[in-house]
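The values are calculated or read from the model by the stated rules, or taken from the named source; none is laboratory data. Everything numeric here is computed off the predicted structure, so don't read it as measured data. As a convention, Cβ positions derive from the backbone with ideal geometry for all residues, glycine included, and neighbour counts pool all protein chains shown.
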Amino acid sequence: MSLLPNIIFAIIFFSGLGFFARNIRKLRRNIYLGKDVDTSGDTKLRWTNMAKIALGQGKMTRRPISGFLHIVVYLGFVIINIEVLEIVIDGFLGTHRIFSNIGPIYGVLIGTFEVLAFLVFISVVIFWFRRNTVNIKRFMSSELNGWPKLDGNLILYFEIVLMALFIIMNATDVEFQSSNNGNIISQFFAPIFEGLNVNLIERIAWWMHIVGIIIFLNYLYYSKHLHILLAFPNTYFGSVKPKGFLNNIESITNEVKLMMDPEADPYASDSTDTLAPDKFGASDVLDLNWVQLLNAYTCTECGRCTSECPANQTGKKLSPRKIMMDTRDRLVEVGNNIDSNNGEFKLDGIQLLGDYITNEEIWACTSCNACVEACPISIDPLSIILEMRRYLVMEQSAAPMELNNMMSNIENNGAPWPYSQMDRLNWKN
């Protein structure tokens with residue numbers, strides 16, 4: 001019977017890893033439903049971006065309060081989970097604090113973990129109050145109603161409970177407390193449990209802590225906190241081109257060059273037709289590229305993009321955060337469609353553009369790149385907006401009247417103003 005806890009631990013551990021691996025395979029499948037895109041080149045710059053933005057949290061501190069708290073939680077959660085390695089080994093071998101034999105450094109490590117756990121606990125409580133009681137506009141938007149708000153709070157509850165269990169586990173470990181070896185924080189909580197069955201409480205806290213971590217790991221796939229895993233690849237594959245760069249369709253570019261070449265014979269070759277895509281722009285997630293779909297899964301729903309958006313600030317319907325949330329929701333829906341139809345997507349009469357995102361939102365964008373610059377993990381909502389605009393103009397001829405007038409003037413007069421080419425400089429007077 002002495003091996004029963006080890007067997008139970010192994011079953012829980014490997015079951016958790018199995019579910020996690022299944023979710024990762026599904027995640028990877030969904031992301032690669034997107035079109036291929038060239039992410040080669042600029043390797044050094046990409047690694048630098050990942051180191052500065054994802055690992056170094058370089059853009060978080062632009063908002064000092066939330067930035068500092070996030071760094072505390074980020075560092076604390078990463079470093080504290082080093083302690084999980086000891087728990088896993090103890091769980092398999094049936095040992096107790098197997099690393100305690102490494103000497104004084106063990107006390108330093110556990111002491112550091114306890115301080116960080118306490119700081120994470122305090123930071124997460126502050127985050128909860130910021131999200132739920134302080135009237136911060138970016139947390140009060142309608143797109144966060146329902147599941148998004150609940151999801152954000154569930155993650156905070158997870159973190160509070162996990163940090164509390166870590167401290168309780170240490171505070172009720174009699175041998176650990178008597179050694180005075182790293183119990184910097186837990187020693188103050190140990191008296192609370194005097195007169196109780198501390199051995200039982202310690203075991204319960206130990207099991208709940210490791211099981212909670214496994215549940216948390218598997219919950220990430222369904223949560224906005226998937227960015228914990230995806231922020232690193234997302235910042236690596238993020239665009240390294242200048243913020244004002246807009247991509248062009250090669251066939252259209254060649255056609256324009258042909259029109260501008262006075263010596264070219266437009267009837268001599270139809271090579272540009274062979275380069276034309278089957279569909280201009282994007283109306284659904286399958287029309288986007290895989291980096292854009294990775295962006296959607298990586299979105300933290302922090303709302304920095306929306307709070308910086310000039311269109312949103314002036315009361316327009318556009319919210320870059322909602323664009324990313326809608327893209328992710330539609331992608332999940334498409335993935336579930338594929339799962340339900342034996343690996344094949346069957347048309348469901350739904351599209352990202354129209355059913356999730358309205359034309360009004362798309363045309364409210366000023367293409368200023370404020371959302372891209374504001375995102376702390378290199379997400380690019382503008383690229384998705386522009387692809388949907390391209391679809392509306394080139395596939396549906398559904399541009400606003402003002403834009404159609406401008407394009408007609410360019411075609412007829414060589415300028416966006418309604419003057420003939422002979423008179424088009426008259427406006428300057």
Step by step: first the residues of region 124-150, then only those that are within 21 Å of the chain's Cα centre (by Cα) and of a type in the set (Ser, Thr, Tyr), then the one that is surrounded by the most Cβ atoms within 10 Å (Cβ to Cβ). Which residue is that? SER141
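The rows are residues; the columns are (1) without any contact (Cβ under 8 Å) to a residue 24 or more places away in the chain; (2) outside any loop (DSSP other than H, G, I, E, B).
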| site | (1), (2) |
| --- | --- |
| ASN170 | no, yes |
| PRO191 | yes, yes |
| GLU202 | no, yes |
| ILE210 | no, yes |
| ILE213 | no, yes |
| TYR219 | no, yes |
| LEU226 | no, yes |
| LEU246 | no, no |
| SER251 | no, yes |
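Assess whether THR172 counts as being over 30 Å from ILE379 (Cα atoms) and surrounded by 15 or more Cβ atoms within 10 Å (Cβ to Cβ).
On the way: over 30 Å from ILE379 (Cα atoms): yes; surrounded by 15 or more Cβ atoms within 10 Å (Cβ to Cβ): yes.
The answer is yes for THR172.
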Would you confirm, using the coordinates I've provided, whether LEU27 is touching a residue at least 60 places away in the same chain (Cβ under 8 Å), loosely packed, with under 13 Cβ neighbours inside 10 Å and part of a helix (DSSP H, G or I)? no
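In region 98-119, is there at least one residue being polar (S, T, N, Q), in contact (Cβ under 8 Å) with a residue 12 or more places away in the chain and either within 30 Å of ILE7 (Cβ to Cβ) or in the same structural domain as THR358 (by TED's automatic domain parsing) (or both)?
Applying the first criterion (polar (S, T, N, Q)) to region 98-119 yields 100-101, 112.
If we keep only those that are in contact (Cβ under 8 Å) with a residue 12 or more places away in the chain as well, we get 100, 112.
Still in the running and either within 30 Å of ILE7 (Cβ to Cβ) or in the same structural domain as THR358 (by TED's automatic domain parsing) (or both): 100.
Within region 98-119 (the criterion being polar (S, T, N, Q), in contact (Cβ under 8 Å) with a residue 12 or more places away in the chain and either within 30 Å of ILE7 (Cβ to Cβ) or in the same structural domain as THR358 (by TED's automatic domain parsing) (or both)), the answer is yes, since at least one residue qualifies.
Yes/no matrix, rows are residues, columns are (1) part of a loop (DSSP other than H, G, I, E, B); (2) more than 21 Å from the chain's Cα centre (by Cα):
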| position | (1), (2) |
| --- | --- |
| LYS322 | no, no |
| MET325 | no, no |
| GLU360 | no, yes |
| PRO376 | yes, no |
| ARG389 | no, yes |
| VAL393 | no, yes |
| GLU402 | no, yes |
| ASN405 | no, yes |
| ALA415 | yes, yes |
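Mind counting the residues in region 362-374 that are assigned to a loop (DSSP other than H, G, I, E, B) and over 20 Å from ASP329 (Cβ atoms)?
First, the residues of region 362-374 that are assigned to a loop (DSSP other than H, G, I, E, B): 365-369.
Subsequent filtering for residues that are over 20 Å from ASP329 (Cβ atoms) retains 366-369.
Summing the residues that are assigned to a loop (DSSP other than H, G, I, E, B) and over 20 Å from ASP329 (Cβ atoms) in region 362-374 gives 4.
Being within 25 Å of the chain's Cα centre (by Cα), among the polar types (S, T, N, Q) and either over 30 Å from ARG62 (Cβ atoms) or assigned to a helix (DSSP H, G or I) (or both): is that true of SER420 here?
Working: within 25 Å of the chain's Cα centre (by Cα): no; among the polar types (S, T, N, Q): yes; either over 30 Å from ARG62 (Cβ atoms) or assigned to a helix (DSSP H, G or I) (or both): yes.
Spelling it out, it is not the case that SER420 is within 25 Å of the chain's Cα centre (by Cα), among the polar types (S, T, N, Q) and either over 30 Å from ARG62 (Cβ atoms) or assigned to a helix (DSSP H, G or I) (or both).
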Subset of region 303-332 (residues that are of a type outside the set (D, E, K, R), crowded, with 21+ Cβ neighbours inside 10 Å and farther than 21 Å from THR366 by Cα): LEU331
Region 55-78 residues that are buried (at least 18 other Cβ atoms within 10 Å of the Cβ), paired with ones that are charged (D, E, K, R) and assigned to a helix (DSSP H, G or I) (beta carbon under 8 Å, 6 or more apart): SER66/ARG130; VAL73/GLU159; PHE77/GLU159
Six or more apart or on different chains, Cβ under 6 Å: which pairs go from a residue in region 37-50 that's over 13 Å from THR235 (Cβ atoms) to one that's part of a helix (DSSP H, G or I)? Could you list them? VAL37/VAL291
